[in-house]
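Each remark here refers to the structure printed beneath this line.
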Amino acid sequence: MLTTSIPSGWIAGAPIDGAGPDHTVLDPATGEPVAEVALAGSADVDAAVSAARAAQRDWGAATPAQRSEVLGALAAALDAQADLLAEQETAHTGKAIRLSREFDVPGSIDNVRFFAGAARILEGKASGEYSGDHTSSIRREPVGVVGSITPWNYPLQMAVWKVLPALAAGCAVVLKPAELTPLTTLTLARLATEAGLPDGVLNVVVGTGTDVGAAIAGHPDVDMVTFTGSTAVGRTVMGQAATHGTRVQLELGGKAPFVVFDDADLDAAIAGAVAGSLINAGQDCTAATRAIVAADLYDDFVAGVAEVMGSVVMGDPRDPATDMGSLISTAHRDKVAQMVARAPAQGARVVVGGQVPDGPGAFYPPTLIADVAESSEIYRDEVFGPVLTVSAFTDDDDAIRRANDTVYGLAASAWTRDVYRAGRASREIHAGCVWINDHIPIISEMPHGGVGASGFGKDMSMYSLEEYLTVKHVMSDNTGVAQKDWHRTVFADPGRGSR
Ligand code: NAD
């Protein structure tokens, strides 16, 4: 299924060999090697940007129908390789194969299909004589060459979310996946070429963040940098892009509140909290991380979540019966474990989980932490693991205040059967998305993106297409006269404006 040696990238429609150093892609569920790659470097970024620059003009000039046709063919090619993509995604992330097959891969393909259609829709104001003497019209033009940097948690989906709206808009892309998880991104690039995407329109460079990522973000010939990853690195990327005043879009960390009001369907909230906090082993920027529960329901909620978490099957990610696979690496698992281990000293109670299991692989069990103080690290900082904290609120004002007591603002949910409470939560919680009586679902037609320390700009939907388009105003004089009416603001004597 998997090759042992993979290319260092994909530039101008062909695989490349990087100069190294050598890097081993590991299966984090076993610690075994999955693939070897000689990492690419900044010279490869230069080559990729040149290829993108050369290809962008014609791709940007292609008709929307032509671009749509190629992207539609890419969707079909991905569909035909869905099994391979799911296997690759599980092999380098350790995520449960059911998640790869039923979420990552079909979600990515649907997103490609959406942008194949979206390529044919360019929105703007109606042309008109807004000044009286001119006709104004709006042109939407591709931003140009886009540099994209993606994380390891959903490698294929994050690549698709960044690449597809850019391609639909007529941009060319240089994409850097996380070096831990390059397999599906390389397959995406190969299939794009096979589907007829012109050479150079999508380039991939596999390397480290400090080398390849920094070279992309600070490249003088990159017109826009789109980044998904941690808040700290996102801010570094923004600084690198600022060197050349490059446009930036950032999708960063999250610390989603999960607010359970006292009229909520408790069973639904419990099931939703477990699924919403454990999806992708909690390595999801929108995952439920802070359950904020009405005091009356608190004990029942804690007991119910603990019981359901206890039934979750953690293990071999390739087994379809497995609910939760491993984390991305033992280094990340250790970071999660250390954050949980520090929590009791800050007054919290580990109800279930919290112990690193024996044996190989970066496994960490579903973990519920009750009685967390608002000031504690586990409540405030992103854990990015299968860890849910619970705290109680007193009244609705307190619930909303606690939900907003974070620097992040990516996603949130409110659980209630009261339409006015639901309305208030959706208005007053600061986040890019508020779910009512659910937590996690996404859909290609709707935007994803945060506020505050969660970044700015949108992935998915027509809002995302807008990110990759510039707005040009074309204003044409309709009078045909030499001395325009407005010249009197320059010449006190209108006669002086003529010869
Ligand atoms: P990360 O920030 O460590 O890395 C993200 C990418 O940036 C990787 O490709 C990495 O190699 C690269 N990078 C690292 N240092 C760099 C530098 N100095 N210059 C340029 N690029 C650099 O994030 P991660 O650990 O891969 O992913 C987890 C994080 O991603 C979490 O914080 C999570 O919340 C966030 N995330 C956010 C969203 C969203 O849509 N908001 C989605 C998925 C993940």
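We did not get these values from a lab; they are worked out from the coordinates using the rules stated. None of these values were measured; they are calculated from a predicted model. Using ideal geometry, Cβ is built from the backbone for each residue, glycine included, and neighbour counts are taken over all protein chains shown.
Each row is one residue, and each column tells you yes or no for (1) closer than 19 Å to THR367 by Cβ; (2) of a type in the set (A, V, I, L, M); (3) more than 26 Å from the chain's Cα centre (by Cα); (4) in a helix (DSSP H, G or I).
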{"residue": "THR226", "(1), (2), (3), (4)": "no, no, no, no"}
{"residue": "PHE258", "(1), (2), (3), (4)": "yes, no, no, no"}
{"residue": "ALA281", "(1), (2), (3), (4)": "yes, yes, no, yes"}
{"residue": "ARG290", "(1), (2), (3), (4)": "yes, no, no, no"}
{"residue": "ASP299", "(1), (2), (3), (4)": "yes, no, yes, yes"}
{"residue": "GLU307", "(1), (2), (3), (4)": "yes, no, yes, yes"}
{"residue": "LEU327", "(1), (2), (3), (4)": "yes, yes, no, no"}
{"residue": "ALA337", "(1), (2), (3), (4)": "yes, yes, no, yes"}
Which condition breaks for GLU123 when tested against (1) more than 16 Å from the ligand (Cβ to nearest atom); (2) outside any loop (DSSP other than H, G, I, E, B); (3) not β-branched (Val, Ile, Thr)?
(2)
Being out of contact with any strand residue (DSSP E or B) (no Cβ under 6 Å at 6 or more places or on another chain) and away from the ligand (no atom under 16 Å from the Cβ): is that true of ARG333 here?
no
Which of the numbered conditions does ARG318 fail, given that it passes all the others? Conditions: (1) surrounded by fewer than 22 Cβ atoms within 10 Å (Cβ to Cβ); (2) in contact (Cβ under 8 Å) with a residue 12 or more places away in the chain; (3) touching a Pro at 6+ places or on another chain (Cβ under 9 Å); (4) not hydrophobic (A, V, I, L, M, F, W, C).
(3)
Only listed residue being within 16 Å of the ligand (Cβ to nearest atom) and under 23 Å from ARG349 (Cα atoms), chosen from GLY409, GLY385, GLY452:
GLY385
Selection from segment 456-477 of residues surrounded by 12 or more Cβ atoms within 10 Å (Cβ to Cβ) and not hydrophobic (A, V, I, L, M, F, W, C) yields GLY457, LYS458, ASP459, SER461, TYR463, SER464, GLU466, GLU467, TYR468, THR470
Is at least one residue of segment 413-428 within 15 Å of the ligand (Cβ to nearest atom), of a type outside the set (Phe, Trp, Tyr) and under 14 Å from THR286 (Cα atoms)?
no
Based on what the data block shows, is VAL233 assigned to a strand (DSSP E or B), farther than 18 Å from ASN437 by Cβ and either in contact with a Gly (Cβ under 9 Å, 6 or more places away or on another chain) or among the aromatic types (Phe, Trp, Tyr) (or both)?
no
